[in-house]
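Take a look at the structure set out below.
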Amino acid sequence: MINRRNFLLSSALAGVSATGVTGQSQPAATKSRVRPSADYFGTQFYGAEERAELIEVLESRSPFRWYGPGSRQPAKVATFEKEFAAAMQSKYCLGVTSGTAALQTAMAALEVGPGDEVILPAWTWHSCYSAIVLAGGLPVFAEIDESFNIDPNNIESKITPQTKAIIVVHLQGNPADMDPILALARNHKVRVLEDCAQSVGGSYKGKALGSMGDIAIYSLQLNKTITSGEGGAVVTSDPILFERAGRFHDVGSLRAPHEAAVGKAQLQPFVGCNFRMSEFTGGVLLAQTRKLGEIVRGCRAAAARVYEGLSDLPGVHFRRRPDPAGEIGVGVFVRFKNKDQRNRYVAALRSEGLAAGGPGGSVILPIQEYIEQKRTVHPAWPTFNSPRGKSIQYGAACCPRTIEILEQFGGVAIGPKFTEEDTREIVKVVRKVYPTIMTT
């Protein structure tokens, strides 16, 4: 298994990788001349607010979200859920233990099971694939485009009568092109799950990422925009999906506060897991949610200065941005003719002291050995024992365009505390290096 951290060079949103897409190490960077860190956005903003939330939980002796000593109802997770839902422009939010747990909860909410197919991008994290398989569904890979997100033009050919959902992953701070995807999903009566793990706080045409599909998930792990070390959230504006999610994450039960949120329970209990968020986690995330706007604004402003400073470079071709205003801006990527040219660009930037790399924070899933071999938790697992499951083939042949795109792009990492001096330094170095690489 590939360690996720090996793919992270310097972005709290998995913005720029420390290895190439093949997993081969790239040249080590010299000491950076850009002083602020592009690592771990959320922890850069830790302060008195997070400390106060933790101390309140400690002093209350009520770390469990539903009850504790005394008559006062613990409220950190509940308040986080309310404020995070509002920030994501959705009616309901469910705090869970991780982004992976959120994906599994969303699969249960959508009633994905044996015989169902779920389309996902070939370039994303293991958890997307695993959540489908663990639900008994069949993963079907689609290519990405130059946004590094799922290509809307490659989705329709993957839809079959068994398709239950499309996972749209907003990767590395950049929104996917939602309009054509949503239109396609409506036309085929397919559900849309937005995975916003790497783009918490991003938007698309004024709408918060996660507010446009049927249901959405967020990771709040260390490498994400805001963090409690581990943590996740599920949001939706559909009361039935919220009730199913709530029940699945809490061993089949629906607690009174969540029932009150939807008005009245509509479903019977069913089998579930325990993905309940603790009050310690909820307290930290509450403080972090209140800082989300500041973090995103800082990163966007820094990235905008770099884009502006490089926009007149002859022949420059940036990563595709379906909504430039909605991108968080964790890295500024440019395209090259081939992997060798890209790698020389990255090496040159690193030799000048900049944090640089190819696309990162994800893996090319179809070429992972355990996926090619269709290895699951048990030989009789339903995913690959149906005729369709037995016939589907993974591997490089199902995502050639994805591999090509990822080998062509290189970028520099951006952080939310980068000053104008820092971004001028980035622009200066790129303007020095880029023309030389393009002409050799």
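What the table shows:
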{"item": "Only listed residue being in the same structural domain as residue 214 (by TED's automatic domain parsing), under 30 Å from residue 360 (Cβ atoms), touching a Lys or Arg at 6+ places or on another chain (Cβ under 6 Å) and not acidic (Asp, Glu), chosen from 138, 110, 103, 134", "result": "110"}
{"item": "Output for region 301-327, where each listed residue is under 20 Å from residue 357 (Cβ atoms), in contact with a strand residue (DSSP E or B) (Cβ under 9 Å, 6 or more places away or on another chain) and hydrophobic (A, V, I, L, M, F, W, C)", "result": "303, 306, 310, 313, 316, 318"}
{"item": "Output for region 205-261, where each listed residue is in contact (Cβ under 8 Å) with a residue 40 or more places away in the chain and of a type in the set (S, T, N, Q)", "result": "211, 219, 221, 223, 225, 227, 228, 236, 237"}
{"item": "Among (1) without any contact (Cβ under 8 Å) to a residue 60 or more places away in the chain; (2) assigned to a loop (DSSP other than H, G, I, E, B); (3) in contact with a strand residue (DSSP E or B) (Cβ under 9 Å, 6 or more places away or on another chain) - the single one residue 131 does not satisfy", "result": "(2)"}
{"item": "Any hit, region 86-94, residues being modelled with pLDDT of 95 or more, hydroxyl-bearing (Ser, Thr, Tyr), more than 23 Å from the chain's Cα centre (by Cα) and on the phi < 0 side of the Ramachandran plot", "result": "no"}
{"item": "Among the candidates 278, 237, 253, residue that is over 26 Å from the mean Cα position of the chain (by Cα) and polar (S, T, N, Q)", "result": "253"}
{"item": "Strands (runs of 3 or more DSSP E) completely within region 152-256 that count 1 or more residues being under 23 Å from residue 402 (Cα atoms) and touching an Asp or Glu at 6+ places or on another chain (Cβ under 8 Å)", "result": "163-169, 191-195"}
{"item": "Residue match in region 429-437 (condition: surrounded by 14 or more Cβ atoms within 10 Å (Cβ to Cβ), among the aromatic types (Phe, Trp, Tyr) and farther than 21 Å from residue 132 by Cβ)", "result": "yes"}
{"item": "Matching residues in region 386-440 - criterion: being within 22 Å of the chain's Cα centre (by Cα) and farther than 22 Å from residue 39 by Cα", "result": "399, 401, 402, 403, 404, 405, 407, 408"}
{"item": "Residues within region 309-354 that are of a type in the set (Gly, Ala, Ser) and free of Cβ contacts under 8 Å to residues at least 60 places away in the same chain, tallied", "result": "1"}
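Listed here are the residues, each with its yes/no results for (1) assigned by TED's automatic domain parsing to the domain that holds residue 225; (2) of a type in the set (Gly, Ala, Ser); (3) farther than 30 Å from residue 45 by Cα.
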site: 371; (1), (2), (3): no, no, yes
site: 406; (1), (2), (3): no, no, yes
site: 411; (1), (2), (3): no, yes, no
site: 426; (1), (2), (3): no, no, no
site: 434; (1), (2), (3): no, no, yes
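Residue by residue, here is whether (1) within 22 Å of residue 318 (Cα to Cα); (2) among the charged types (D, E, K, R); (3) touching a Leu at 6+ places or on another chain (Cβ under 8 Å); (4) not assigned by TED's automatic domain parsing to the domain that holds residue 247 holds:
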position	(1), (2), (3), (4)
166	no, no, yes, no
178	yes, no, no, no
184	no, no, no, no
203	yes, no, yes, no
211	no, no, no, no
231	no, no, yes, no
234	no, no, yes, no
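The values are calculated or read from the model by the stated rules, or taken from the named source; none is laboratory data. Since the structure is predicted, the reported quantities are computational estimates derived from the model, not experimental observations. Quick reminder, even Gly has a Cβ in these numbers, built from the backbone with ideal geometry, and neighbours come from all protein chains shown.
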